[in-house]
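S.K.: Below is the structure I would like to discuss, written out as structure tokens.
The values are calculated or read from the model by the stated rules, or taken from the named source; none is laboratory data. Because the structure is a prediction, the values reported are computed rather than measured. So basically every Cβ, Gly included, is an ideal-geometry build from the backbone, and we count neighbours across all protein chains shown.
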């Protein structure tokens, strides 16, 4: 659950990117955050995992307010979130299964359990034939599937995706959308996706928020 | 290859620091051996009017008195026997003071010697004291100076080791900043992200200690190859290899972890 009340976000003190943002994303919802480039979609998403400071207002993620958040609570929030980035952000020195194991290990699962889950997820994203490969040995689409697998590995409450298909061809993009839809439908994970273009014929109930001149509004 | 490079860059300052510690141990041990040697020869001479009740002098200047040896009075009288009449000899015997040599359990410092002098002066029966402070000062100062110089050098090397290791840790963090950032985004603590460097530091500490222990074993077997024959008495050091190994490992781990946790603390206080 994500609840924002009068939030103000900015990188410097004077220029607010988000002004007086109010919205509520309920559990198990699939939400797109749209808007043209430079409007602050990624900034808003970053604020959900505490990568940008909240200047004013209240922003609650899974019941924890990000206002004046302590370092331990921030870790707690992040451990309960799966994140998918446009540039994948996979650890290049690690094999793909090690990358998928990362959130599991951070959440305290044993090496064995984490490995078993990673292999299961590699099957799920249809990349079981790539066990032992490093990210650089995979195509962009495949890397993003690994990133999605990593995001759902520890069964988080929320998945945040920042332009997850921005660097992908149509086929790979469709695969990624299907994985995110599956996470929402089958696992009941709340999914929030930042994108400048909502896919056509998405085939799933979703809400759409948009940002214009720092104001967040609901697209009906 | 990269692991080996990192390992070497951690081992070099650690080995240098442990070598410095070993040299300090050797010098300290040599100085102590020499101090013990001159301590057993060194005594303070006191002259009293009446025979000394030795039990009244247990401790001088904070140092326990080892023994008080009366100087042979008869020998002094005998040297005058042929030159003096019997009456004069009798008179001399009555008036000749009592001489004692005071041996201490430790070789006193100049400061302690001053206190000893004051303490002895306060005893009414004692009217003359000879501490041989001039000779004492020269020898003691030389020993103290050499020990201090080696100690100062050791401290400087330790500080340099901490500085270099901290720099290496910072470089490691810089090299792995992308990985650490990804881990932090997933809620990992700084300590969790730093696990590889902590393990590397631990491994480097063990390896460095091992290298220096091997040196100590070789040195203790062949010290005559390094030191000349006249230094043999004071440079023959019997190392307890087990104790030395533990000491070096503890020092090495301590310095490594001081450096690493210094950097980690600095990183931890930075937002996100």
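S.K.: Given the options B:165, B:255, B:180, B:198, name the one that is within 14 Å of chain A (Cβ to nearest Cβ), over 18 Å from the mean Cα position of the chain (by Cα) and either part of a helix (DSSP H, G or I) or at pLDDT 90 or above (or both).
M.R.: Going through B:165, B:255, B:180, B:198 in turn, just one is within 14 Å of chain A (Cβ to nearest Cβ), over 18 Å from the mean Cα position of the chain (by Cα) and either part of a helix (DSSP H, G or I) or at pLDDT 90 or above (or both): B:180.
S.K.: In the range B:99-116, what count of residues is obtained for those that are in contact with a helix residue (DSSP H, G or I) (Cβ under 8 Å, 6 or more places away or on another chain), modelled with pLDDT of 85 or more and in a helix (DSSP H, G or I)?
M.R.: 1
S.K.: Consider the range A:50-82. How many of its residues are free of Cβ contacts under 8 Å to residues at least 40 places away in the same chain, closer than 17 Å to residue A:189 by Cβ and out of contact with any strand residue (DSSP E or B) (no Cβ under 9 Å at 6 or more places or on another chain)?
M.R.: 1
S.K.: While we're here: Might you let me know whether the range A:160-178 holds any residue that is buried (at least 23 other Cβ atoms within 10 Å of the Cβ), under 19 Å from residue B:187 (Cβ atoms) and in contact with a helix residue (DSSP H, G or I) (Cβ under 8 Å, 6 or more places away or on another chain)?
M.R.: Scanning the range A:160-178 turns up at least one residue that is buried (at least 23 other Cβ atoms within 10 Å of the Cβ), under 19 Å from residue B:187 (Cβ atoms) and in contact with a helix residue (DSSP H, G or I) (Cβ under 8 Å, 6 or more places away or on another chain).
S.K.: Is it the case that residue A:73 is within 12 Å of chain B (Cβ to nearest Cβ), more than 17 Å from residue A:148 (Cα to Cα) and modelled with pLDDT of 90 or more?
M.R.: yes
S.K.: Being surrounded by fewer than 17 Cβ atoms within 10 Å (Cβ to Cβ), within 14 Å of chain B (Cβ to nearest Cβ) and either on the phi < 0 side of the Ramachandran plot or at pLDDT 95 or above (or both) is the requirement here; does residue A:111 meet it?
M.R.: Here the answer is yes, as residue A:111 does meet what is asked.
S.K.: A further question follows. Considering only residues of the range B:117-138 that are within 21 Å of residue B:64 (Cβ to Cβ) and touching a helix residue (DSSP H, G or I) at 6+ places or on another chain (Cβ under 7 Å), which is surrounded by the most Cβ atoms within 10 Å (Cβ to Cβ)?
M.R.: By that ranking, first place goes to B:131.
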